[in-house]
1. Amide H neighbours of Arg303 under 5 Å, at least 5 residues apart or on other chains, H built in the peptide plane: list them.
2. With the cut-off at 20 Å, tell me which of the pairs Lys152/Lys316; Lys278/Lys445; Lys3/Lys104; Lys40/Lys72; Lys445/Lys474; Lys220/Lys247 have Cα atoms farther apart than that.
3. Roughly what percent of Cα-Cα pairs across segment 144-245 reach past 17 Å?
4. Could you give each residue of segment 241-247 its phi-based ³J(HN,Hα) in whole Hz, using Karplus coefficients 6.51, -1.76, 1.60 with θ = phi - 60°, and x for Gly or Pro?
5. For a quick check: with amide H placed at 1.01 Å from N, whose amide H comes under 5 Å from Ser103's, ignoring anything fewer than 5 positions away on the same chain?
6. Pairs of Cα atoms under 8 Å, at least six residues apart: use those to get the relative contact order of segment 243-355, whole percent.
7. Which of the trypsin sites (Lys or Arg not before Pro) across segment 242-285 are loop residues per DSSP, with 12 or fewer other Cβ within 10 Å?
8. Could you look at segment 51-105 and say what percent of its accessible area is carbon and sulfur, using a 1.4 Å probe and all protein chains?
Amino acid sequence: MSKQFALVVDDERDIRELLTLTLGRMGLIVETAATVTDAKARLAEQRYALCFTDMRLPDGTGHDIIELIASKYAETPVAMITAYGNVDAAVVALKAGAFDFVSKPVDINVLRRLVQTALKLSEEKRSSTDASQSRLIGDSVAMEELRATIAKVARSQAPVYIAGESGVGKELVARLIHELGPRAASSFVPVNCGAIPSELMESEFFGHKKGSFTGAHADKEGLFQAAQGGTLFLDEVAELPVHMQVKLLRVIQEKAVRPIGARAEVPVDVRILSATHKNLAKLVDLGAFRQDLFYRINVIELRVPPLRERRDDIPKLAGRVLERLGRDSGSAPARLTPDALKSLLAYDFPGNVRELENVLERAVALCENGSISVEDLRLVARAPATVNENAERWANTSSLQTPPPPSAEPAHAATEPAARVLPDSAYVGDLAATVAETERAVIMKALEATRWNRTAAARQLGLTLRQLRYRLEKLGIE
């Protein structure tokens, strides 16, 4: 294996010597520079597997070097050396393209972990394009741009905020960012922040020591420790209560957690990815989410487009879903009739890809001879005022991009009533069925809004989990 070179840019001799000694023991050939000018000259002469740069330099700043490397030497991971506690500067560096940052005084163990991760980046041979193509289905311009952005942010260690409506696949995007980056060999730990009771959050996130509180019968590892060396995905991060927002901010800044009952903090090396279907910027304005935490987790913002903005992908998505359903049942995949496909293309899919999957699964169960008709899809025709209910809700809670105006009426709308009108006799004879249907619709809406998390859905409905389970069983909802 050929020798790998590292560049250290710092005007302090002590820092240069410390990094030279540490990196040298890790098998790297270390070259140093004390100014931006010297660094530029060395970068032009030698290919480096890694670069460290101080923030303040005699003839410029570390940002000058980061921007140069990002534009001309993108294969070289660069880390910023910052003063202790100066996380603002670190965030700016990450936005500019830095791989990670390390604070002075330099912790040798933190430095070694950072170097190991950075070297994995330099050695990466996997094809991010092939991997994302097989998981993120679609050839639309929106999906091509999304795949390109995922491949780019996967190389960084910067926190990523994934925005998008419910059902668009935010967790899939988070998993791809993890799998295409240098932390792929370590754990990906997803957590739904809305599903953990407030009083248990600190224990769940940071762990606890035996005897630290009633019921703590043994030491417990927290989610941060479980994700050590890997990625922690905070789904529905907007649901975090304020007291946990404060604690999470500290963990991100200090890269350490203190389990309940522990005397000392435990260092953690975790990349933070977060997501929500809500507009965090608006929640910050309303005082419901801390601005400083938003600033930390939103270093890179990535928006996942809703299905109505990439209708051209629906045929391919539907084909993949039908193939999977066929494999699961051990039969040939069902087929969509031309009219059924036309209906899918005209429908707005407020529940996005998840709703498409549910619609097709139901249609496969209802269809005859493996041929799915318009009637088998059972798409709900909406009155004009509510045709884009989900789009309107997104517009009210998102500043990222305003969705397009409501589309034309679905192709099948002419054959279906805009709203159900029951004859007078039915209000008596079918009252129970009508109530059950309404209850089912409300429960399904809550389940879809909470990504089928029953605990969160029960809380949203004002029910206990036991009450919700009873209703699910009664209504035949699996």
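1. Result for Arg303 returns Ala163.
2. Lys152/Lys316; Lys3/Lys104
3. 58 percent
4. Listing the rounded values in order: x, 4, 5, 7, 4, 5, 5 Hz.
5. Thr82
6. Relative contact order of segment 243-355: 19 percent.
7. Sparse-neighbourhood loop trypsin sites (Lys or Arg not before Pro): Arg263.
8. 55 percent
The values are calculated or read from the model by the stated rules, or taken from the named source; none is laboratory data. Everything quoted here is computed from the prediction, not taken from an experiment. Positions of Cβ are generated from backbone atoms using ideal geometry, with glycine treated the same way; all protein chains shown enter the neighbour counts. Areas reflect the complete protein model, heavy atoms only, side chains present, ligands, DNA and RNA absent. Shrake-Rupley method; radii C 1.70, N 1.55, O 1.52, S 1.80 Å.
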